[in-house]
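What follows is calculated from the coordinates using simple rules that are stated; it is not laboratory data. Note that the structure is a prediction, hence the values are computed from the model and not measured.
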């Protein structure tokens, strides 16, 4: 029988979340390897990527306050368990993109280098997730 989660005491971790974390790690490793060829600003681009990723996550998670602000008074623990859905994905994505564009402009990073590293990191993470998803769920 195939379980869709690992239980460690009271903690339940879905295989999908493990696959997402591993995919982001694979993207990070590839970006780190390629960034070493860019002596000037490679590490700043990697920091920018992860700051954008964290911003996306927090905006996505707390965007339920936009859809249902009464959740704070009726069920405050709902902020831990619920997320913003598709609206949250769109708002979080736009916030992350605006942050990345603003930071590239502010720090005078090379647009070509930044776009290359971010594209390689995102595509490698997506490819890694697709392979894992196929392997885990088929």
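One table, with the values for the structure above:
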{"item": "Whole-number D in µm²/s for the range 58-138 (Stokes-Einstein; Kirkwood sum over Cα pairs; 4 °C, 1.567 mPa s)", "result": "85"}
{"item": "Per-residue [θ]222 nm for the chain (sum of -39500 (n - 2.57) over DSSP H runs n ≥ 4, rounded to 500)", "result": "-24500 deg cm²/dmol"}
{"item": "Relative counts (whole %) of C-alpha pair distances in the chain, using bins that are 5 Å wide", "result": "2, 9, 14, 16, 17, 16, 12, 8, 4, 1, 0"}
{"item": "Whole-number percent relative contact order across the chain, with pairs defined as alpha carbons under 8 Å at least 6 apart", "result": "33"}
